[in-house]
Amino acid sequence: MKLGVAPTTDITDWLRDDGLEVILLIVGAMLLSRFVVWIRTHITNQIDQSFTHSDALVRSEASKHRHALAQVLSWVLLTVAYILIGMEVLQRLGFSLNGLVAPAAVLGAALGFGAQRIVQDILAGFFIITERQYGFGDVVEINVANASEPASGAVEDVTLRITKLRSTDGEVITVPNGQIVKVTNLSKDWARAVVDVPVPASADVNHVSEILRDVGAKAYKEKRLQALLLDEPSVMGIESIELDRVNIRVVARTLPGKQFQVGRDLRIRIAAALRREGLDGAAANVANTPLSTIDAAGESE
């Protein structure tokens, strides 16, 4: 009879002592996780609301950095908390951490070679955050090692290990930070829309340049576009000469992330102005020429 009671008594005592602590630790980990996520969501929502209700058309660099920093800090805090709580749970389950030192050293040495990439990702993520290469909401192009094409889109999430982008097609692209070779930030501080205007080689280049300057001046005076432009669009002159045509380049400094919208609007205005002057061929070429955009001051490696 005693043999049957003793184990039951031991289990009851363990449940009252270590077992209860294990349960409390697990519940505490769950509550801590929910609390950290709630704090992070509260902070990021406040950043988003301040952006939505402000007069700024784009996020400031500080708000982008704070948004990314909140995500990274919450991720680091939860990782450290889970490790510490896991060690405490193992101790209360009867595992001696001292006895695990030697096997852990062997296992660590074995995994060290495989974990090099993870360490590389975390270190790269640390420098991305501290150097403010990009933040939440930035539009970026990322050249990835051994990838034929760069990954491009809006930054949706940044941690110490990965960066998540949302492409223009709605796809989510996950890039390990350690595999990033080059970052082109299309929405840092300011951007530049570039429109190349192909005109026949026989056309009067000076006259076409005057038309383009007039289009830029009128565009800058319009209230809707003036809010997106940092200064009046300018005609840079002949960009290239081909056999039957020349390309005249028009550039416009814009607010970060607005270069695409401004470029499309300028193309419409330029095509209409050229058509009014009887340059229908040039107007058609402008309408069919892909818009090129150049990020100025947004490229970092």
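Given the conditions (1) part of a strand (DSSP E or B); (2) out of contact with any Lys or Arg (no Cβ under 9 Å at 6 or more places or on another chain); (3) under 19 Å from residue 266 (Cα atoms), which single one is not true for residue 210?
The failed condition is (1).
Could you list all residues from segment 196-237 that are of a type in the set (A, V, I, L, M, F, W, C) and under 14 Å from residue 277 (Cα atoms)?
199, 203, 205, 208, 211, 212, 215, listed by residue number.
Count, please, the residues in segment 197-219 that happen to be at pLDDT below 90, touching a strand residue (DSSP E or B) at 6+ places or on another chain (Cβ under 6 Å) and surrounded by fewer than 19 Cβ atoms within 10 Å (Cβ to Cβ).
3
Do we find that residue 187 is buried (at least 21 other Cβ atoms within 10 Å of the Cβ) and under 17 Å from residue 257 (Cα atoms) in this structure?
Answer is yes for this residue.
Read through the list (1) within 16 Å of residue 268 (Cα to Cα); (2) touching a residue at least 40 places away in the same chain (Cβ under 8 Å), then give the number of the only condition that residue 228 fails.
(1)
So which of 257, 263 ends up being touching a Ser or Thr at 6+ places or on another chain (Cβ under 7 Å), modelled with pLDDT of 85 or more and surrounded by 14 or more Cβ atoms within 10 Å (Cβ to Cβ)?
Answer to the selection: 263.
Within segment 240-261, can you find the residues that are within 18 Å of residue 218 (Cα to Cα) and in contact with a Pro (Cβ under 8 Å, 6 or more places away or on another chain)?
Result: 250, 251, 252.
Being among the small types (Gly, Ala, Ser) and at pLDDT 85 or above narrows it down to one residue among 284, 297, 273; which is it?
Of the residues listed, the single one that is among the small types (Gly, Ala, Ser) and at pLDDT 85 or above is 273.
Give all pairs with beta carbons closer than 8 Å in which a residue from segment 17-29 that is in the same structural domain as residue 82 (by TED's automatic domain parsing) and touching a residue at least 24 places away in the same chain (Cβ under 8 Å) meets a residue that is aromatic (Phe, Trp, Tyr) and in a helix (DSSP H, G or I); count only pairs at least 6 apart in sequence or on separate chains.
Cβ pairs passing all conditions: 29/82.
Condition first: under 9 Å from the mean Cα position of the chain (by Cα), surrounded by 20 or more Cβ atoms within 10 Å (Cβ to Cβ) and among the hydrophobic types (A, V, I, L, M, F, W, C). Now tell me which residues in segment 124-173 satisfy that.
136, 139, 140, 155, 158, 165
The values are calculated or read from the model by the stated rules, or taken from the named source; none is laboratory data. For clarity, every value in this text was computed on a predicted model and none was experimentally measured. Positions of Cβ are generated from backbone atoms using ideal geometry, with glycine treated the same way; all protein chains shown enter the neighbour counts.
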